[in-house]
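Here, each number is a calculation from the coordinates, and none is a lab measurement. Predicted model, so just to flag it, every value in this text is computed and none were measured. FYI the Cβ positions are ideal-geometry reconstructions off the backbone, even for glycines, and counts take in every protein chain you see.
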Amino acid sequence: MSNFSKAAHLSPATLRHDVHMAPTRDGYGIGVVELGENDERIAVLCADLAESTRSNLFREKFPERFIEMGVAEQNMANVAVGLSLNGKIPFIATYAVFSPGRNWDQIRISSCYNNANVKFIGAHAGISVGPDGGTHQALEDIALTRVLPNMTVLVPCDSEEARKAIHAAAKINGPVYIRLARVATPVFTTEKTPFTVGKALQLRDGDDVAIIGAGPIMHSALVAAHQLVEKGISCRVINLPTIKPIDSDAIEQAARSCRAIVTVEEHQIFGGVGSAITEVLAQTYPVPVEFIGMHNSFGESGTPEELLHKYRMDAPAIVRAVLKVIKRK
């Protein structure tokens, strides 16, 4: 791990069994409380899921700035827009299947059309939601949000990066969507790990294949890259926490250097991170690409580990994709 941990300021425990585990939603709960302590404009709205989204941490600290909206996601989005137009910085939180899934019209017209300063938290996204099943596994939310004008889309890889994303979102004057996960995953970045909206971060150097993606699945990408060393394959691993605006320069540079790319995400491969990356490649430097993600299917109930394995979004699946794309170079 020495060839990437120092440069990217990753945790020394990144590839060890004792790596700290926490869900990315924890980073939201911690980050929004930190914001609230220093800025009275910060407000939090929730749709009857305060504990699940970690909005309860803000409610406990700042009850006068917390609004429980009940199961009314469309109304919550519009109320948040009203608050933003009166100088507040509202964060609204619920499951991603409900926001942007259920209130996309209000996000589009009320927030994005008006460039209203609302921060949308889509929790419990991805297949790793697990036992809740296909109805609650948001696999389309990146596609729904990145298509909207004025919208910034952030997909943090662990709870520490999520905390930084919350702070960064508050500084953006306009709508922001932040995608969060339910299950505890390795916290492999640190307080010193760089985070800048619109910028990718290289986690590991390599010149045979570039693995590029976003979200907690990036830890599996690091595991796969480590395993591929034994096969004599050098993988560059690039974390892409900002899907929009995307870091086109980092993607093009990786394509020119490695001449093959594997995209990784817990999302439909149509319209998600992989699509965003290949849109860049089509206009700059086209190379062979393999896609890790959901291939035109809904999920089902199961443990996160079972589902990630069945739908080919774990480290062994990434290894196979790398071996396949190398043959296409």
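Here are a few things to note about the model shown:
- Residue among K164, K88, K310 with the largest mean-square fluctuation in a Gaussian network model of the chain, springs linking Cα atoms under 10 Å: K310
- 0 to 90° range, to nearest 10: angle between helix 273-283 axis and the chain longest Cα axis: 60
- For the range 21-186, alpha-carbon Rg over 2.2 N^0.38 Å: 0.91
- Residues whose amide H lies under 5 Å from that of A123, counting only those 5 or more places away or on a different chain, are T94, Y95, A96, L180; hydrogens are built 1.01 Å from N in the peptide plane.
- Antiparallel %, DSSP beta bridges [both residues in the chain], to 5: 20
- Whole-number Å³ per residue for the convex hull built on Cα positions in the chain: 117
- Using θ = phi - 60° and Karplus 6.51 cos²θ - 1.76 cosθ + 1.60, couplings along the range 71-78 (whole Hz; Gly, Pro as x): 7, 8, 5, 5, 5, 4, 5, 5
- At 0.692 mPa s and 37 °C, Stokes D of the range 105-259 from Kirkwood alpha-carbon radius, µm² per second: 200
- Helix 24-38 axis, angle to the chain major axis (alpha carbon atoms, nearest 10°): 50
- Most to least packed among 72-78, 237-243 [average Cβ atoms within 10 Å]: 237-243, 72-78
- Over 20 Å apart at the Cα level, from the set K231/K324; K88/K119; K119/K192, are K119/K192.
- For D48, distant residues with modelled amide H under 5 Å away: M69, G70
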